[in-house]
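**Q** Quick one: this structure, given as structure tokens, is what I'll be asking you about.
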Amino acid sequence: SFIGEESVAAGEGSILTDNPTWIIDPIDGTTNFVHRFPFVAVSIGFVVNKKIEFGIVYSCIEDKMYTARKGKGAFCNGQKIQVSGQEDITKSLLVTELGSNRDPETIKIILSNMERLLSIPIHG
């Protein structure tokens with residue numbers, strides 16, 4: 001099976017089944033792309049039985065290829081990567097994205113989440 005982000009965004013329905021399925025977003029960061037903000041990627045995932053098997057993200061502007069496979073780890077341009085061991089959020093940098101949905105209920109939830117995050121004494 002195949003699920004394309006752009007076709008879903010255009011209103012086509014999609015249902016994730018147990019079938020082997022490719023999930024592709026050819027312009028991940030469409031808003032960034034439209035505004036020439038250099039954080040755009042091609043994202044591809046492969047799912048079997050509704051569980052991710054592997055994923056590939058190519059950051060076009062940075063020329064970085066991120067890959068990950070279930071049980072095998074994650075890599076950037078072939079070099080192993082991992083999350084930091086930092087467990088104290090007050091020593092962390094927090095990054096968030098607001099999304100593009102402007103539905104009033106969604107905005108209320110986003111702002112509530114942002115308020116909770118801003119009350120944490122993080123680095124930035």
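The values are calculated or read from the model by the stated rules, or taken from the named source; none is laboratory data. What you are looking at is a predicted structure, and each value in this text was computed from that prediction instead of being measured. Positions of Cβ are backbone-derived with ideal geometry, glycine not excepted, and every protein chain shown enters the neighbour counts. These accessible areas exclude ligands, DNA and RNA; they are computed on the full protein's heavy atoms, side chains included. Shrake-Rupley method; radii C 1.70, N 1.55, O 1.52, S 1.80 Å.
**Q** I need a count of the residues in segment 16-50 that are part of a strand (DSSP E or B) and over 16 Å from the mean Cα position of the chain (by Cα).
**A** Matching residues across segment 16-50 total 2.
**Q** Go through segment 37-59 and report how many residues are open to solvent by 50 Å² or more (accessible area, probe 1.4 Å) and either small (Gly, Ala, Ser) or in contact with a helix residue (DSSP H, G or I) (Cβ under 9 Å, 6 or more places away or on another chain) (or both).
**A** 3
**Q** Continuing with the same structure: Can you tell me which of (1) under 30 Å from SER119 (Cβ atoms); (2) open to solvent by less than 90 Å² (accessible area, probe 1.4 Å); (3) in contact with a Gly (Cβ under 8 Å, 6 or more places away or on another chain) is the one LEU93 doesn't meet?
**A** (2)
**Q** Cβ contacts < 6 Å: first residue hydroxyl-bearing (Ser, Thr, Tyr), restricted to segment 88-112; second residue in a loop (DSSP other than H, G, I, E, B), any location; separation 6+ or different chain. Result?
**A** These pairs meet every condition: THR90/PRO121; SER92/GLN86; SER92/ILE122.
**Q** Same structure again: Inside segment 92-124, can you point out the residues that are over 20 Å from THR30 (Cα atoms), under 21 Å from the mean Cα position of the chain (by Cα) and part of a loop (DSSP other than H, G, I, E, B)?
**A** SER92, LEU93, LEU94, GLY124
**Q** Let me ask something additional. Need pairs with beta-carbon distance below 6 Å; first residue of a type in the set (A, V, I, L, M, F, W, C) and within segment 52-64, second open to solvent by 60 Å² or more (accessible area, probe 1.4 Å) and assigned to a strand (DSSP E or B); sequence gap 6+ or separate chains.
**A** PHE54/ARG69; VAL57/TYR66
**Q** Which residue, of LYS108, LYS64, LYS80, is modelled with pLDDT of 95 or more, in contact with a Cys (Cβ under 6 Å, 6 or more places away or on another chain) and not small (Gly, Ala, Ser)?
**A** Result: LYS64 is the single residue among LYS108, LYS64, LYS80 that is modelled with pLDDT of 95 or more, in contact with a Cys (Cβ under 6 Å, 6 or more places away or on another chain) and not small (Gly, Ala, Ser).
**Q** Out of all the residues in segment 103-114, is one or more more than 29 Å from SER1 (Cβ to Cβ), outside the structural domain of THR17 (by the TED database) and of a type in the set (Lys, Arg)?
**A** Yes - at least one qualifying residue is present in segment 103-114.
**Q** Is it the case, given these coordinates, that GLU62 is assigned by the TED database to the domain that holds ASP18 and either surrounded by 15 or more Cβ atoms within 10 Å (Cβ to Cβ) or closer than 15 Å to PRO20 by Cα (or both)?
**A** For GLU62, the condition - assigned by the TED database to the domain that holds ASP18 and either surrounded by 15 or more Cβ atoms within 10 Å (Cβ to Cβ) or closer than 15 Å to PRO20 by Cα (or both) - is not met.
**Q** Out of all the residues in segment 67-82, which are part of a loop (DSSP other than H, G, I, E, B) and within 30 Å of VAL34 (Cβ to Cβ)?
**A** The answer is ASN77, and nothing else.
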